[in-house]
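Colleague: Dumping the structure here so I can ask a few things about it.
The values are calculated or read from the model by the stated rules, or taken from the named source; none is laboratory data. Note that the structure is predicted; figures quoted are calculated from it, not measured. Because the Cβ atoms are built from the backbone with ideal geometry, glycine has one as well, and the counts that use them run over all protein chains shown.
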Amino acid sequence: MDVITASIPILLKGLQVTLYIFVIAIILGFLIGLVIALFRLAPIKLLNWIAKVYVDAIRGTPFIVQLFFIYFGVNSLHLISLNSTTAGIITVAINAGAYFAEIIRAGIQSIDKGQTEAARSIGFTGAQTMRYVVLPQAFRRMLPTITNQSIISLKDTSLLSVIGIADLTQQGQIQASATFEAFKIWLAVGVIYFIIIYLLTLLANFVERRIQVR
Amino acid sequence: MSIITVKNLSKSFGKLEVLKDINAEIQEKEVICVIGPSGSGKSTFLRCLNRLEEISGGEVVINGHNITDPKININKVRQEVGMVFQQFNLFPHKTVLENITLGPVKILSMDKGTAEKKALELLNKVGLKEKAHSYPGELSGGQKQRVAIARALAMNPKIMLFDEPTSALDPEMVGDVLEVMKQLAKEGMTMVVVTHEMGFAREVGDRVIFMDGGYIVEENKPNEIFSNPQHERTKAFLSKVL
C-alpha cells in the first residue's frame, strides 16, 4: 500500500499532463471536424475532395504512425521544430478531427430537409440556417457519438508516452520500473483512467439531459 | 400591376420535366388556389415562386424582383414571401415564441422585446397565445400549423405561399387552420394556396388554377371552374374529388 500512496502524487502529475493535452486536443479536434464536415457538405467539389482525402488518410492509418510522422517525420524536415507536447496535441487533434468530421456530417445530414427549407423560406442565408437551425439540432443528436469519440481520444493520449511525454501512462511506466511493483502501479493507473472516463460519461449524460429536445 | 408574374416557367429534375411552359399573373390581394392530381407539379410550381426549387427556364418576377436573375439576392426576396409547409417544419429545439421571433431578430435585426410583442400579437391572432412558451413537440398538428403561419407572418411578407397546409392534419384540426387562412385572405393578403380542400378553394379563392401533367390546364373563378369546367381533364379530376 505504501508503494501506491507514494506513487499517487506522481501519477496525478501525469494525469494533469494527460488532461491538459486531452482538453486542448479535443477542442481543436472538434473545430477541425466541424470545418471538415462543412467542407464535405459544401457544394464545391474541391472542398469535398479535401475533406474526403483527409478523413480517409486519418482513418486508414494507425494512430501511432500518425504520431511518429508528425513528431519524427515533420521534425526531420527541419522546417519547424515541434516539441513532444505540441506534436502530441496536434496528432490527437487531427486524429479526432477526422472522426468528428464524420460524426458531424452524419448529424447534419440526419436533420430533416424541411428544417432547412423552412429557414431558407424565412430569408435566412445558408450559413445562418446552419448556425441557428441545423447545427443546434444536429449537435443534440451527435452528443452520444461525440462522447464516445472523446473517450477514445482520451485513451489514445496514453500512446503519447512513447515520444517521451510525461503523461499518466509514462509516469506509470517510470513508477513501475522504479518500485518493481508493476501489478499495483498499473492497477492504479487503470483505476485513474477509469475514474476520469467515468466522470466524462457522467458529464455527457448531464449535458444530454439538459439540452434534450422537448 | 401584378405582384407575381410567371412567364414560360419550366422545371426539370434531371430528365423529368415536371413543369412545362407555365404562365401566370397574380394580382395584389388575390387568393389563388392551385388544385390538381398528385404529381401534377402544383407543389413544384409553388416552390419555384420563392426559388426553393431552382428554376430551369423562364422568368418569375415577385413584387418587382426578377428571381430568375442569377444576381438577385434571393434571401432578401424570400423575406417578402412567407411559406407554410405541409409538414409544418417548426424548429423543434425552439419554443413557439422563439420560432416566431428568430427571423425578425436575426434577419430584420428587430430588438427582442419588440419581436416578442409582435409574436404574441400574431399568436393571439391564430388563437395560441397561451402556447407561447411550449415546444412544438407539445402541440397538435393543427396548432403547429397555426404557429407556422404566425412564424411566416412575423416577417411581414407581402405574399404567402401555402403548400398543402392541411394535408397532414387530422380532419378535426383542418377547420382551425382554414379559419386562420380565411381571416388572412379577408385582411387582403396575397395568397397562393396549393390545396385539396375544394370547399376552401370555392369559398375563399378568387381564382382557381387547375394543373395536370406539368401544365396549367385551366384557370377560372371558383364558381366557373367547379360548376362548368371547360377541359376534359378538369372534369375528370373534379368528378373524382367533389
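Colleague: If I filter segment B:163-185 for residues that are polar (S, T, N, Q) and closer than 14 Å to B:ILE32 by Cβ, do I get at least one hit? Give the steps one after another, and end with the answer.
Modeller: Quick first cut of segment B:163-185, residues polar (S, T, N, Q) only: B:166-167, B:183.
Now restrict to residues that are closer than 14 Å to B:ILE32 by Cβ: none.
Among the residues of segment B:163-185, not one is polar (S, T, N, Q) and closer than 14 Å to B:ILE32 by Cβ, which makes the answer no.
Rundown of residues vs (1) over 21 Å from the mean Cα position of the chain (by Cα); (2) small (Gly, Ala, Ser); (3) surrounded by fewer than 19 Cβ atoms within 10 Å (Cβ to Cβ); (4) away from chain B (no Cβ under 14 Å), yes/no style:
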{"residue": "A:GLY114", "(1), (2), (3), (4)": "yes, yes, yes, no"}
{"residue": "A:ALA127", "(1), (2), (3), (4)": "yes, yes, yes, no"}
{"residue": "A:ARG131", "(1), (2), (3), (4)": "yes, no, yes, no"}
{"residue": "A:PRO136", "(1), (2), (3), (4)": "no, no, yes, no"}
{"residue": "A:PHE139", "(1), (2), (3), (4)": "no, no, yes, no"}
{"residue": "A:MET142", "(1), (2), (3), (4)": "no, no, no, no"}
{"residue": "A:SER153", "(1), (2), (3), (4)": "no, yes, no, yes"}
{"residue": "A:VAL162", "(1), (2), (3), (4)": "no, no, yes, yes"}
{"residue": "A:ILE165", "(1), (2), (3), (4)": "no, no, no, yes"}
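Colleague: Of the residues A:GLY123, A:GLY107, A:GLY97, A:GLY88, which single one is crowded, with 21+ Cβ neighbours inside 10 Å, within 20 Å of A:LEU31 (Cβ to Cβ), within 14 Å of chain B (Cβ to nearest Cβ) and at pLDDT 95 or above? Outline the logic, then answer.
Modeller: On the way: A:GLY123 fails: within 20 Å of A:LEU31 (Cβ to Cβ); A:GLY97 fails: within 14 Å of chain B (Cβ to nearest Cβ); A:GLY88 fails: within 14 Å of chain B (Cβ to nearest Cβ).
Every option except A:GLY107 fails the conditions.
Colleague: Those residues that are farther than 19 Å from A:THR91 by Cβ and aliphatic (A, V, I, L, M), I need them from segment A:159-196; list them, please.
Modeller: A:ILE174, A:ALA176, A:ALA178, A:ALA182, A:ILE185, A:LEU187, A:ALA188, A:VAL189, A:VAL191, A:ILE192, A:ILE195, A:ILE196
Colleague: Contact list please: Cβ distance under 7 Å, first residue in segment B:208-236 and basic (Lys, Arg), second residue in a strand (DSSP E or B), pairs at least six apart or on different chains.
Modeller: Cβ pairs passing all conditions: B:LYS221/B:ARG207; B:ARG233/B:ASP212; B:ARG233/B:VAL217.
Colleague: Ok, one more. Considering (1) over 16 Å from B:LYS7 (Cα atoms); (2) basic (Lys, Arg); (3) within 14 Å of chain A (Cβ to nearest Cβ); (4) in a loop (DSSP other than H, G, I, E, B), say which one B:ARG51 fails and leave the rest.
Modeller: Of the numbered conditions (1) over 16 Å from B:LYS7 (Cα atoms); (2) basic (Lys, Arg); (3) within 14 Å of chain A (Cβ to nearest Cβ); (4) in a loop (DSSP other than H, G, I, E, B), the odd one out for B:ARG51 is (1).
Colleague: Take the residues in segment B:223-242 that are closer than 17 Å to B:HIS196 by Cβ and in contact with an Asp or Glu (Cβ under 6 Å, 6 or more places away or on another chain), then tell me which one is surrounded by the fewest Cβ atoms within 10 Å (Cβ to Cβ).
Modeller: Of all residues in segment B:223-242, those closer than 17 Å to B:HIS196 by Cβ come to B:225-226, B:229, B:233-234, B:236-242.
Then drop every residue that is not in contact with an Asp or Glu (Cβ under 6 Å, 6 or more places away or on another chain), which leaves B:233-234.
Numbers: B:ARG233: 18, B:THR234: 22.
Checked segment B:223-242; the qualifying residue surrounded by the fewest Cβ atoms within 10 Å (Cβ to Cβ) is B:ARG233.
Colleague: Can you tell me which condition B:VAL77 does not meet? The list is (1) in contact (Cβ under 8 Å) with a residue 40 or more places away in the chain; (2) within 27 Å of B:LEU122 (Cβ to Cβ), and all the others hold.
Modeller: Every listed condition holds for B:VAL77 apart from (1).
Here is a yes/no grid of residues against (1) at pLDDT below 95; (2) aliphatic (A, V, I, L, M):
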site: B:ILE3; (1), (2): no, yes
site: B:LEU9; (1), (2): no, yes
site: B:LYS15; (1), (2): yes, no
site: B:LEU19; (1), (2): no, yes
site: B:ILE22; (1), (2): no, yes
site: B:GLU25; (1), (2): no, no
site: B:ILE35; (1), (2): no, yes
site: B:LEU49; (1), (2): no, yes
site: B:ILE62; (1), (2): no, yes
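Colleague: Residue check, A:VAL74 against (1) buried (at least 20 other Cβ atoms within 10 Å of the Cβ); (2) more than 14 Å from A:VAL162 (Cβ to Cβ), all met but one. Which one?
Modeller: (1)
Colleague: Right, another one. So which residues in segment B:64-110 are of a type in the set (D, E, K, R) and over 15 Å from the mean Cα position of the chain (by Cα), if there are any at all? Walk me through how you get there before you give the answer.
Modeller: From segment B:64-110, those of a type in the set (D, E, K, R) are B:69, B:71, B:76, B:78, B:80, B:94, B:98, B:106; that's our starting set.
Selection gives B:ASP69, B:LYS71, B:LYS76, B:LYS94, B:GLU98, B:LYS106.
Colleague: Which one of the conditions (1) out of contact with any His (no Cβ under 9 Å at 6 or more places or on another chain); (2) more than 14 Å from chain A (Cβ to nearest Cβ); (3) under 20 Å from B:GLY213 (Cβ atoms) does B:LEU46 fail to meet, given that it meets all the rest?
Modeller: Condition (2) is where B:LEU46 drops out.
Colleague: Yes or no: B:GLU59 among the acidic types (Asp, Glu) and within 22 Å of B:VAL193 (Cβ to Cβ)? Let's see the steps before the verdict.
Modeller: Working: among the acidic types (Asp, Glu): yes; within 22 Å of B:VAL193 (Cβ to Cβ): no.
No: the conditions fail for B:GLU59.
Colleague: For residues in segment B:1-23 being part of a strand (DSSP E or B) and of a type in the set (D, E, K, R), which is farthest from B:PRO157 (Cα to Cα)?
Modeller: Once the filter is applied, the top-ranked residue is B:GLU17.
Colleague: Test A:SER177 against the stated conditions and say whether it is part of a helix (DSSP H, G or I), away from chain B (no Cβ under 14 Å), more than 19 Å from B:ARG151 (Cα to Cα) and within 27 Å of the chain's Cα centre (by Cα).
Modeller: Details: part of a helix (DSSP H, G or I): yes; away from chain B (no Cβ under 14 Å): yes; more than 19 Å from B:ARG151 (Cα to Cα): yes; within 27 Å of the chain's Cα centre (by Cα): no.
Answer is no for this residue.
Colleague: Sticking with this one: Condition first: assigned to a helix (DSSP H, G or I) and in contact (Cβ under 8 Å) with a residue 12 or more places away in the chain. Now tell me which residues in segment B:80-101 satisfy that.
Modeller: Going residue by residue through segment B:80-101, those that are assigned to a helix (DSSP H, G or I) are B:96-101.
Within segment B:80-101, B:VAL96, B:LEU97, B:ASN99, B:ILE100, B:THR101 qualify.
Colleague: Being closer than 19 Å to B:SER134 by Cβ, at the interface with another protein chain (Cβ under 7 Å from one of its Cβ atoms) and crowded, with 22+ Cβ neighbours inside 10 Å is the filter here; which residues of segment B:69-90 pass it?
Modeller: B:ASN89
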